[in-house]
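Q: Below you will find the structure I want to go over with you.
All of the numbers you see were taken from the coordinates with simple rules; none came from a lab. This is a predicted model, so every value here is computed, not measured. Every residue, glycine as well, gets a Cβ built from its backbone with ideal geometry; the counts of neighbours run over all protein chains shown.
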Amino acid sequence: MEYKELFEQLVETLINENGSDLHLSAGRFPAVRVNGELTFLLSRKEISQEDMVNILKNILSEENFSRFQKEKNLDFSYEYKETTRLRGNAFVQQGKYVIVLRLVPHVKTLKELNLPESLAEFARKRQGFFLVVGPVGQGKSATMAAMVSLINEERQAHILTIEDPVEYVYEQKKSLIDQREVGIDAEDFADALKSAFRQDVNVILIGEMRNTETIGTAVTAAETGHLVLSTLHTNTASQTIDRIIDSFPAEQQDQIRIQLASSLIGVFSQRLVPRISGGRIPAYELMINNNAVSNLIREKRTHEIDTVIETGFEQGMVDMNRCLVELVRSGEITVENAFAYSTNPKNLERLL
């Protein structure tokens, strides 16, 4: 069997099983993640190191394969039959090659993703800094893609995405969309973001904020008339704000605190919880940066933001525990999973 054919059969299995991730590793059976659970494909043969070398040669350019051999780690994207995109990472463990591929589904609407319509209001903002946060594999990219798609449907804007690698590919509708891939179209996130100031951009999507330079430039972009969307691997809105501020040297923290207080428009934290009927459904927290939140950021009282969210229902805020309780009461998720995904189980117990 040709190596490309072997690889494509495994991708077909991932698609047919409605999986999210495909794991290939020398000396192991292939595995797919379906509804958050990892399953080994024991009907397949174990993959050898030779298989891995040849699969990589088939799915990477010569330049990227050489780069992988040199750096022992590579992020990449792969398009399967011009209909399906996958985001990949290749790395080395104990001398053996490993590939992990994430299936990038077609862009869905907020409604199709079971997300609140209030996110549309953030997508319609003309400027500000909006963050979608949560652990890996919880649907952050899909949420941001839905927001970008909404802008594309409604506005004549110039949208720039900076990603590593490019995940969702957008069909231009009302907006002009440029998508830059770090390592191919730009040296790094910070460099691509700096150049955006000279590109007449309205909306900037940053795939991930990896360092203080990128964060600082993103905040400045939000202050100077751009709508900036990005992600962080944090659990809650208050933790997100602390993470951003703490990433800067002590002498710069007061400045970034003031900038965040004025430029941040909201933080959306999400988890994908197993659904009783099958599949997964999002549970989420939404913090809106109103006067109370802004003052707490400025006054170094971010630990009080959780209380503002809990009591801010009338202002449009959503508390994660209340969202989980609603999902339990509507028969969407089990009580056990509500506790497993709660960031404050003691408070959840009181609400249930």
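Q: ³J(HN,Hα) across the stretch 149-161 via Karplus (A = 6.51, B = -1.76, C = 1.60, θ = phi - 60°), whole Hz, x for Gly/Pro?
A: Couplings: 4, 5, 4, 4, 6, 10, 10, 8, 10, 9, 9, 10, 10 Hz.
Q: Simple spin-label model, 7 Å along Cα-to-Cβ: GLU112 to GLU37 in nm?
A: Spacing of the two 7 Å Cα→Cβ label points: 2.7 nm.
Q: Under 16 Å Cα to Cα from LYS173, which aspartates and glutamates show up? Leave out anything in the same chain fewer than 8 places away.
A: Reachable aspartates and glutamates: GLU153, GLU154.
Q: At ASN89 and ARG329, where each label point lies 7 Å from the Cα along Cα→Cβ, what is the point-to-point distance in nanometres?
A: 3.9 nm
Q: Mind giving me the FRET efficiency for GLU71 and THR311? R0 is 35 Å, r the Cβ-Cβ distance, nearest 0.05 is fine.
A: Once the sixth-power term is evaluated, E becomes 0.10.
Q: Okay, which of the stretch 147-174 sit inside 18 Å, backbone N to the point 7 Å along the Cα-Cβ direction of ASP191?
A: Counting backbone N atoms under 18 Å from the label point, the list is 161-166.
Q: Points 7 angstrom from Cα along the Cβ direction at LYS45 and ASP246: gap in nanometres?
A: 5.0 nm
Q: Lys and Arg at +1, Asp and Glu at -1: add these up for the other residues within a Cβ distance under 12 Å of THR307 and post the number.
A: Charge balance near THR307 sits at -3.
Q: Calculate one ³J(HN,Hα) per residue across the stretch 330-346 by plugging θ = phi - 60° into the Karplus curve 6.51 cos²θ - 1.76 cosθ + 1.60, and present them in order as whole Hz with x for glycine and proline.
A: 8, x, 7, 9, 7, 4, 4, 6, 4, 5, 5, 9, 6, 8, 8, x, 5
Q: Note the full-extension length gain between VAL136 and GLU63 as 0.36 nm times their separation in residues minus their Cα-Cα distance, in nm to one decimal.
A: Net length gain for the segment: 23.5 nm.
Q: A further question follows. Could you list, in their original order, any pairs among LYS45/LYS70; LYS4/LYS108; LYS4/LYS70; LYS111/LYS140 whose Cα atoms are separated by more than 26 Å?
A: Violating the 26 Å Cα-Cα cut-off are LYS45/LYS70; LYS4/LYS108.
Q: While we're here: log10 I(q)/I(0), Debye, Cα-only the stretch 118-351, no solvent, q = 0.07, 0.08, 0.18 Å⁻¹?
A: At q = 0.07, 0.08, 0.18 Å⁻¹ the computed log10 ratios are -0.23, -0.30, -1.37.
Q: When Rg is the radius of gyration of the Cα atoms in the stretch 3-104 and Rh is its Kirkwood radius, what does Rg/Rh come to?
A: When Rh is taken as the Kirkwood radius, the ratio is 0.93.
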